[in-house]
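Engineer: Have a look at this one.
The values are calculated or read from the model by the stated rules, or taken from the named source; none is laboratory data. Not measured: the values here are computed from a predicted model. Counting neighbours? That spans all protein chains shown, and the Cβs are built from the backbone with ideal geometry, glycine included. Just so you know, the surface numbers come from the protein's heavy atoms only, side chains and all, with ligands and any DNA or RNA stripped out. Shrake-Rupley method; radii C 1.70, N 1.55, O 1.52, S 1.80 Å.
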Amino acid sequence: MASLLRIALQKSGRLSEDSYQLFKECGIRFDYGTGKLKSVSSNFPAEFLFLRDDDIPGYVEDGVADLGIVGENVAVETGRPVQTVHKLGFSKCRLSIAIPRGVDWAGIQDLQGKNIATSYPNLLGTYLAGEGVQAEIHEISGSVEIAPSIGLAEAVCDIVSSGSTLLSNGLKEVETIFRSEAILIARPALDADKQALVDKLLFRIKSVQAAKNNKYIVLNAPNDALDQITALLPGMKSPTVTPLATEGWSSVHSVLNENEFWENIEAIRAAGAEGILVIPIEKMIY
Ligand code: PRT
Ligand code: ZN
């Protein structure tokens, strides 16, 4: 029987939409939605399992799933021996220590002998041990941010994204202990057939990510500034330069990393480029 890659995704939560979108952009179709526990793709040898994120590393370790998408925070906290295959760049957040706004903070040593509420006892415990701080860690599974106001703890250690949850609970962020984003995890030692499917999937994911980070640039350049302008537009190999109908001008096409584009755009314009078009790229194959 041909191999079927089993991929565990969060059923519904902060990782779900971007995970589904990623597979869509990779051209892999499957149904998901209310009540569905699993779904087989109609055009890729993969079966998707919809689970709670906390259970995904365990299912991947046990071989119920071959791959999974989780936050790095969950992968590290659960401590399961799974392999990180690729960082996916979405659901970025940080795990931070926060204390009531009115309390002074001189540094991590201030937590010596204090009570800290968190859903991440392992990550916090490792961090505090590394800093030589002995504190009482209270593991709670949700609404960590209310712990100081109900007298359960003097500090919290929780996931922060915009910071508004801490703010509205009268807390201030004082130390970031871990930075996280969604990652693709795999069961170590997959058989050759499954590994070949993982490689095929990874190739697609990398092409989608490269396309997102790059833009296709088209501009008109006076011929006497071509050397200067093309030097600012390295492209995948080198830029394409074709003559325009107007004497003394050329059209230059290239691909540029989005950050490089913003850094170089003033220099490109100053060199005489006109009619600059920046076009999104759907897939980018190296
Ligand atoms: O039901 P299930 O168990 O599957 O989901 P869950 O409720 O445990 O997880 P979910 O969907 O909330 O988060 C999944 C993953 O998204 C996390 O493990 C993180 O890797 C990542 N992520 C990104 C976040 C956030 N941003 C985030 N803001 N996870 C949680 N939060 C929470 C945080 O706990 C706090 O309550 O949002 C609040 C803080 O947000 P701000 O914007 O107010 O700072
Ligand atoms: Zn969860």
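Engineer: Can you run down the residue pairs with Cβ atoms below 6 Å, 6 or more apart or on separate chains, where the first is in segment 33-44 and without any contact (Cβ under 8 Å) to a residue 12 or more places away in the chain and the partner is part of a loop (DSSP other than H, G, I, E, B) and not hydroxyl-bearing (Ser, Thr, Tyr)?
Structural biologist: 39/30; 39/31
Engineer: Could you grab me the full set of residues in segment 38-64 that are within 16 Å of ligand 2 (Cβ to nearest atom) and in contact with a helix residue (DSSP H, G or I) (Cβ under 8 Å, 6 or more places away or on another chain)?
Structural biologist: Scanning segment 38-64 gives 49, 51, 53, 54, 56, 57, 58.
Engineer: For segment 260-286, which positions are more than 10 Å from residue 219 (Cα to Cα), touching a residue at least 12 places away in the same chain (Cβ under 8 Å) and not small (Gly, Ala, Ser)?
Structural biologist: 261, 264, 279, 280, 281, 282, 283, 284, 285, 286
Engineer: So how many residues does segment 50-86 have that are touching a residue at least 24 places away in the same chain (Cβ under 8 Å) and either away from ligand 1 (no atom under 12 Å from the Cβ) or within 20 Å of residue 191 (Cβ to Cβ) (or both)?
Structural biologist: Number satisfying all stated conditions: 16.
Engineer: Tell me whether segment 244-265 contains one or more residues that are out of contact with any Gly (no Cβ under 6 Å at 6 or more places or on another chain) and within 30 Å of residue 4 (Cβ to Cβ).
Structural biologist: No, the conditions are met nowhere in segment 244-265.
Engineer: Then there's this: Output the number of the condition that residue 278 fails; it satisfies all remaining conditions of (1) within 29 Å of the chain's Cα centre (by Cα); (2) open to solvent by 80 Å² or more (accessible area, probe 1.4 Å).
Structural biologist: In the conditions (1) within 29 Å of the chain's Cα centre (by Cα); (2) open to solvent by 80 Å² or more (accessible area, probe 1.4 Å), residue 278 misses (2) alone.
Engineer: Quick one: residue 14 ticks every box in (1) open to solvent by 70 Å² or more (accessible area, probe 1.4 Å); (2) within 10 Å of ligand 1 (Cβ to nearest atom); (3) assigned to a helix (DSSP H, G or I) except a single one, so which number is it?
Structural biologist: (3)
Engineer: If you don't mind, there's one more thing I want to ask. Against the definition (open to solvent by 60 Å² or more (accessible area, probe 1.4 Å) and within 26 Å of residue 20 (Cα to Cα)), how does residue 104 come out, yes or no?
Structural biologist: Criteria not met by residue 104.
Engineer: Could I ask something else about it? Going by the structure shown, is residue 209 farther than 19 Å from residue 283 by Cα and either touching a residue at least 60 places away in the same chain (Cβ under 8 Å) or surrounded by 15 or more Cβ atoms within 10 Å (Cβ to Cβ) (or both)?
Structural biologist: Judged against the criteria, residue 209 is not a match.
Engineer: Related question: Out of all the residues in segment 17-49, which are more than 15 Å from ligand 1 (Cβ to nearest atom), under 17 Å from the mean Cα position of the chain (by Cα) and open to solvent by 30 Å² or more (accessible area, probe 1.4 Å)?
Structural biologist: Matches in segment 17-49: 24, 25.
Engineer: Could you tell me how many of the residues in segment 22-70 are within 26 Å of residue 284 (Cβ to Cβ) and among the polar types (S, T, N, Q)?
Structural biologist: 3
Engineer: Then there is this: Pick from 229, 185, 159: which is outside the structural domain of residue 9 (by the TED database), touching a helix residue (DSSP H, G or I) at 6+ places or on another chain (Cβ under 7 Å) and within 29 Å of residue 14 (Cβ to Cβ)?
Structural biologist: 159
Engineer: With the requirement that a residue be near ligand 1 (Cβ under 10 Å from one of its atoms), surrounded by fewer than 19 Cβ atoms within 10 Å (Cβ to Cβ) and in a strand (DSSP E or B), what does segment 161-183 give you?
Structural biologist: Matches in segment 161-183: 173 only.
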